[in-house]
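Enquirer: One structure, as structure tokens, below. Some questions next.
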Amino acid sequence: MKQVVKKTELKNGITILTDYMPHAYSVAVGVWIPRGSRHETKDEYGLSHFYEHLVFKGTKKRSALEIARAIEDHGGNLEAYTTRQETGFYAQIERSQLPLAVDVIADMLMHPRMEKSEMEKERRVIIEEIHSYDDIPEEIVGDIFNAIHFKGSGIAHSITGNIRQVKALTHRQMLKYREQVINEIPLLVCASGKVDHEELVKLCAEKFSQKKMRGNLPTDTYKAHNSVKVVQKQDIAQSNLFWGLSFDRGLMDERGRCALSLFNVAMGAGMASRLFQKIREDKGLAYSVYSTADIYRDCTDWGVSLATEPQQLRTAMDLSLSETHDFLKHGFRKGEFERTKANILGGMYLGADSPEKRVVRMAEQVLHLGEFRTMEQSEKTIQSMTEGEVVETVNKLFSAAKFSAAVIEPAGRKKTELNVDFF
């Protein structure tokens, strides 16, 4: 799976990467700001996410409707998202419209109006978005886990901020952040599809000419704790659990990352995984059960999420722990290692047909890993892994990790008691 990837760094802090797909009819192109919710100070919680919304509300030369129409009238789509690590804006469009897509995204980031009246309207929209999350226990329990486990670091607070925090954000703060994006924060431009690298470099030099400085990446500070929290809530029927762990990224090189990925897929990344088969299929205890891994620049976390009847919570949790213990002690079962490799590589092959998936993969690798690894490089590493190496690596990571557990359960019953003496 040969990728033709090129990279150029402009003097003003714009880094440009292209992933050429000769048979594609479209191109996916985007700009990523290497700042997310974890980089906000206490009085800024929710600012990055609010900024993501507000740049869609109009620029010096386009209204909000004109921004939407510019891409959609050509059959394309314009997307944006905020994570704890970054904020991204990208479009997928027919190849000949690459200059238009770059112009629209650059216009949004370099020339947003940020009108006070629009900020007040969008504040109401974001508050409604937060209310929608409050109706999803799975979302709440994940935020509770992050709050207790990463207390003292930026990962602890939610991406959107809470309603009180969003209400407290000021227009002056938003204007200050706009200036930081324009003048200070280094930006990452990535494109996949039928894209000419030199053409994109010229477009970026022109469209981002307002940006004069090369700033520094925001500082990441990793802190983690062994902790437990159980919260009771009205109007929910199930108990939702998230238990997990984290460790310093310095403990994990590229082979370690692949080992964790193989472990995660085997444990809970699909219907054939151990957790799904044991807890849902064999025992019928949960509709939703899975494991997940997040890689940040300075740390990595892994955890298990499930929802079940309150009286079955302890049983379901014990089963998830038992399955994890079994892997750490005995490793992969017969045929499981090769099936897991095939799962990961197959997913990578399927994603290789999509410029959108490739461009997001490229951007997030650079932002989270500090480098881009081609699919060919990743394939070689995965193919070279051995069962013993994966099991040894995962055991080493678990032995150095901090563990936490969070539960949100129906109110009006005796509160569940948990501990984190997992391993």
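The values are calculated or read from the model by the stated rules, or taken from the named source; none is laboratory data. Treat the numbers as computed from the prediction; the structure is a model and nothing was measured. All Cβ positions, even for glycine, are placed from backbone atoms using ideal geometry, and neighbour counts span all protein chains on display.
Enquirer: Being buried (at least 21 other Cβ atoms within 10 Å of the Cβ) and either outside any loop (DSSP other than H, G, I, E, B) or modelled with pLDDT under 95 (or both) is the filter here, so list the residues in the range 145-165 that pass it.
Expert: Phe145, Asn146, His149, Gly154, Ile155, listed by residue number.
Enquirer: Here is a list: Ile163, Ile182. Which entry is within 24 Å of Ile127 (Cα to Cα), assigned by TED's automatic domain parsing to the domain that holds Glu79 and among the β-branched types (Val, Ile, Thr)?
Expert: Answer to the check: Ile163.
Enquirer: Yes or no: the range 268-278 includes at least one residue that is crowded, with 18+ Cβ neighbours inside 10 Å, closer than 30 Å to His39 by Cβ and assigned by TED's automatic domain parsing to the domain that holds Gly388.
Expert: yes
Enquirer: Would you point out which residue out of Glu379, Glu364, Glu338, Glu371 is within 20 Å of Arg255 (Cα to Cα) and either part of a loop (DSSP other than H, G, I, E, B) or not assigned by TED's automatic domain parsing to the domain that holds Leu241 (or both)?
Expert: When all the criteria are applied, what remains is Glu371.
Enquirer: In the range 109-144, which residue that is closer than 15 Å to Lys167 by Cβ and either in contact with a Ser or Thr (Cβ under 7 Å, 6 or more places away or on another chain) or hydrophobic (A, V, I, L, M, F, W, C) (or both) is surrounded by the most Cβ atoms within 10 Å (Cβ to Cβ)?
Expert: Ile126
Enquirer: Filter the range 288-328 down to the residues that are within 30 Å of Thr219 (Cα to Cα), hydroxyl-bearing (Ser, Thr, Tyr) and in a strand (DSSP E or B) and list them by number.
Expert: Of everything in the range 288-328, those that are within 30 Å of Thr219 (Cα to Cα), hydroxyl-bearing (Ser, Thr, Tyr) and in a strand (DSSP E or B) turn out to be Ser291, Thr292, Thr300, Ser305.
Rundown of residues vs (1) farther than 20 Å from Asn146 by Cβ; (2) surrounded by 16 or more Cβ atoms within 10 Å (Cβ to Cβ), yes/no style:
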site	(1), (2)
Asn226	no, yes
Lys233	no, no
Gln238	yes, yes
Met252	no, yes
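Enquirer: Here's something else I'd like to know. Within the range 242-287, restricting attention to residues that are charged (D, E, K, R) and assigned to a loop (DSSP other than H, G, I, E, B), which residue is modelled with the lowest pLDDT?
Expert: Filtering first and then ranking leaves Asp253.
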